[in-house]
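A.B. asks: The structure is given below, and queries will be raised subsequently.
The values are calculated or read from the model by the stated rules, or taken from the named source; none is laboratory data. Note that the structure is predicted; figures quoted are calculated from it, not measured. Every residue, glycine as well, gets a Cβ built from its backbone with ideal geometry; the counts of neighbours run over all protein chains shown. Surface areas here come from the heavy atoms of the whole protein model, side chains and all, with no ligands, DNA or RNA. Shrake-Rupley method; radii C 1.70, N 1.55, O 1.52, S 1.80 Å.
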Amino acid sequence: VAGGIAYYSRNRIEVSFASVGNTDSTTEDAVSRKVVFANGAETPFREGRKLVNEKKLDEALTAFQQAAKLSPDTAVIHYWIGMTYFYKREAEKAIAQFMKALELEPENYRASTMIGRSLLSDRSKIDQAADYFMKALSINPEYIDARFELARIFAFKGDMKRSMAEFAIIFRTESKYAMYHYELGKILESRKAVDQAKKEYQRALM
């Protein structure tokens, strides 16, 4: 469990917490290159991860906060406090924790991506969100999650040329990933490109 998906149309932007296991890694090592825990913080941290997987978010938050007290300079702990707030739909608190993770680990492209996703809970902050997705891609151009969200922002803003360019990059590396074809189908359908949308839905079923 690690990533939510931001769904938005021209009339609304909302964060969906469905399919959270599909968009990010479930291992803490993928979030932080060097995970260094101090003062026994690893034990409550791992308990927090277990509780998140069990969707016991308040208990998970308590465990992560205990870990943060013991090891305040460990970026991955703040990342997972942020993730827990994100799942609880508390965007401002989530952003504060992702910012802390990014402060401790400036190359943490996942934290940057999650700041962007959290900002998408407020449609007035869509440009700020795009900046964080681009920041993530400047660190890791192969990070599909950030590129996916950026493609959908371009579509939302009516810039289909740039949106399709981002999807083209995605499909070069993730051509068999059904979710991306399905999402592109939704975008095309919303723009009345029904035949193209059908092709993407068919690719999603392959």
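A.B. asks: How many lysine pairs in the range 136-206, separated by 8 or more positions in sequence or lying on different chains, have Cα atoms less than 20 Å apart?
C.D. replies: 11
A.B. asks: Report the semi-axes of the equivalent ellipsoid for the range 128-206 in whole Å, largest first, where each axis is √(5λ) for an eigenvalue λ of the Cα gyration tensor.
C.D. replies: The answer is 21, 15, 8 Å, longest axis first.
A.B. asks: Same structure again: With a 1.4 Å probe and all protein chains left in place, how much of the accessible area of the range 134-206 comes from carbon and sulfur atoms, in whole percent?
C.D. replies: In the range 134-206, the share of accessible area belonging to carbon and sulfur is 54 percent.
A.B. asks: Using the beta-carbon distance between Met99 and Val36 and R0 = 22 Å, what value does 1/(1 + (r/R0)^6) give for FRET efficiency, to the nearest 0.05?
C.D. replies: For Met99 and Val36, the calculated efficiency is 0.65.
A.B. asks: Okay, moving on. What value does the range 32-160 have for Rg/Rh, both radii from Cα atoms and Rh as Kirkwood defines it?
C.D. replies: 1.01
A.B. asks: Using θ = phi - 60° and the Karplus relation 6.51 cos²θ - 1.76 cosθ + 1.60, list the HN-Hα couplings for the range 191-200 in order, rounded to whole Hz, with x at every Gly or Pro.
C.D. replies: 9, 6, 8, 5, 5, 5, 4, 4, 4, 5
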